[in-house]
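Derivation of every value follows stated rules applied to the coordinates shown; laboratory data play no part. All of these numbers come straight from a predicted model, not from anything done at the bench. In this analysis, Cβ positions are derived from the backbone assuming ideal geometry, glycine residues included, and neighbour counts consider all displayed protein chains.
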Amino acid sequence: MEFAVGNFLRFVNTTNNQTVYRFQNFHIGQAITYQGSSYLYAPFGFSGITINRTGDNADASLVFPNNALTRPWAVDAVNNFWIAHVTVMLLDSTNQNVLTNVHEYYGRVSQGKWDETSLNLTINSVLDAVGADVPGRRLTQKLIGAIPVTSGLNLQ
C-alpha cells in the first residue's frame, strides 16, 4: 500500500455564507466524496502550514494555474474575503476511500496576484492564537479613497 499527501479545499463566500467551491488536488479528473460532499479535481498547491513557537499562525498560500477559469472567481474571492478551509489528507493512491485527516487550516483570502502562468492567493489566519488579533486590513480605494500612483508625495 502506497500513501501520499493531498489537499481538500473548500471556499466559503462571506457575502452569503455559502460554500462556493470544493476542490481536491490528488485524484486527477475525479470527484472524491469526503464528509458527504463532492470535491472536484483542480490542480493547485497549498503551502504555509507553519506555526511558530509563540503559537500564532503564519500566512498560507494557494497556487492555481492562471487561466480564464480561475481568474474570475479568484478576483471575487479577494474582493469579498472568502474563507478557505484546507484539509491536508494522507491518501491511499489505489483506494479513494482511504482518507486520513492530518491537519486543517482555516483562513481568509486577503490578497491575490497572478503572472503569466500562476495565480496566487494569500490566506491569513483567522485569528492570531496568542494575541487574538484580527488580521490586518488591505488598503483599498473603497476604504481610503483615491490611492496615489506615485511615491513622490509631500506632506504639508
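List of remarks:
- Subset tally (residues that are surrounded by 12 or more Cβ atoms within 10 Å (Cβ to Cβ) and part of a loop (DSSP other than H, G, I, E, B)) for region 31-46: 3
- Scan of region 1-23 for residues that are part of a loop (DSSP other than H, G, I, E, B) and out of contact with any Asp or Glu (no Cβ under 8 Å at 6 or more places or on another chain), ordered by number: 14, 15, 16, 17
- Residue, nearest to residue 88 (Cα to Cα), within region 100-110, restricted to residues that are loosely packed, with under 14 Cβ neighbours inside 10 Å and polar (S, T, N, Q): 101
- Of all residues in region 76-92, those being among the small types (Gly, Ala, Ser) and within 17 Å of residue 33 (Cβ to Cβ) number 0.
- Looking across region 68-94, the residues that are under 23 Å from residue 30 (Cα atoms), in contact (Cβ under 8 Å) with a residue 24 or more places away in the chain and out of contact with any Asp or Glu (no Cβ under 8 Å at 6 or more places or on another chain) come down to 70, 71, 73, 74, 84, 89, 90, 91.
- Filter result for the condition that a residue is part of a strand (DSSP E or B) and among the hydrophobic types (A, V, I, L, M, F, W, C), over 64, 81, 26: 64
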